[in-house]
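Structure, as structure tokens:
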Amino acid sequence: MSDKSELLLKPKRFYKSAAAAPVEQGFAIQLDGRTPKSPARKPLVAPTQALGAMIAAEWEAQVEYIDNSLMPATRLAFTAIDRIAETRAEVAREITAYAASDHLCYRAESPRVLVERQEREWGAVLDWARAEHGLVFTPVAGIIHAPQPPETLASVEALALTLDDFALAGVAFAAGLFGSTVLGLAVRAGQLAGQQALDLSRLDEIYQAEQWGEDAEAKARAEALAVEAAMIDRWFAALRH
């Protein structure tokens, strides 16, 4: 499809300014004073002023056409508004499934320098999860699936269900991005920045790039993931404020 054809599929910017304004339910994104609707026709309202401002900034940044591929916080907000309230139990199970095969639990068998780096850096995050949430994970060497303690998975699911819709959407997004529920929870708590969590999730790839160099495709993929990691970092920071 040509660039011109793609533009024709995008709606033209129809508003002069975007901002967040207080309403009874939180902070509504307003386009010239009118609140846009989600795909399920619900108003786009954020629970905190900081998150409302973050989402409004995405709308303000649009130029001639509205490109939702450049609006990740808006898309995640729509997920929180449309999907989470109706499927909280399902989303909590998704988060628990990531915990059941958490990336931080699958360690390299060699070389020793990578093994030691994983033990040190991944181990510190697992230690935090134990201290902060009482979550005890069992690391293994190799990639063969090993079950995690049932009580740990039950605690993860229970913890997920305590989160509000926007935090739950964020943790589900982060768990998928990092391949790790533990990293997602650490970013939510402000224990790790989004880029730190992403680097930890890519520790094997980073080590290989240090040894052999990074090809252009891998670099482009890492840069795209970094954009998402920065967004989810700002998302959780906005929810905390």
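Would you pick out the residues in the range 32-47 that are surrounded by fewer than 17 Cβ atoms within 10 Å (Cβ to Cβ) and either aromatic (F, W, Y) or within 23 Å of D164 (Cα to Cα) (or both)?
Once the filter is applied, which keeps residues that are surrounded by fewer than 17 Cβ atoms within 10 Å (Cβ to Cβ) and either aromatic (F, W, Y) or within 23 Å of D164 (Cα to Cα) (or both), the range 32-47 yields T35, K37, P39, A40, R41, K42, P43.
For I29, state whether it is crowded, with 16+ Cβ neighbours inside 10 Å, over 25 Å from A226 (Cα atoms) and under 22 Å from the mean Cα position of the chain (by Cα). Don't jump to the end; show me each part of the working.
Details: crowded, with 16+ Cβ neighbours inside 10 Å: yes; over 25 Å from A226 (Cα atoms): yes; under 22 Å from the mean Cα position of the chain (by Cα): yes.
Criteria met by I29.
Considering only residues that are surrounded by 12 or more Cβ atoms within 10 Å (Cβ to Cβ) and of a type outside the set (A, V, I, L, M), which ones fall in the range 139-161?
P139, Q148, P149, T152, S155, E157
Test of understanding: among S110, S101, which residue is surrounded by fewer than 18 Cβ atoms within 10 Å (Cβ to Cβ) and modelled with pLDDT of 95 or more?
Details: S110 fails: modelled with pLDDT of 95 or more.
Only one candidate qualifies: S101.
For A100, all conditions in the list (1) closer than 26 Å to A238 by Cβ; (2) under 20 Å from the mean Cα position of the chain (by Cα); (3) aliphatic (A, V, I, L, M) hold save one; what is the number of the exception?
Here A100 meets the rest and fails (1).
Which of the residues spanning the range 196-217 are closer than 16 Å to L114 by Cα, outside any loop (DSSP other than H, G, I, E, B) and not hydrophobic (A, V, I, L, M, F, W, C)?
Residues satisfying the conditions are D199, S201, D204, E205, Y207, Q208, E210, Q211.
The values are calculated or read from the model by the stated rules, or taken from the named source; none is laboratory data. Everything numeric here is computed off the predicted structure, so don't read it as measured data. Cβ sites come from the backbone with ideal geometry, for glycine too, and all protein chains shown count toward neighbours.
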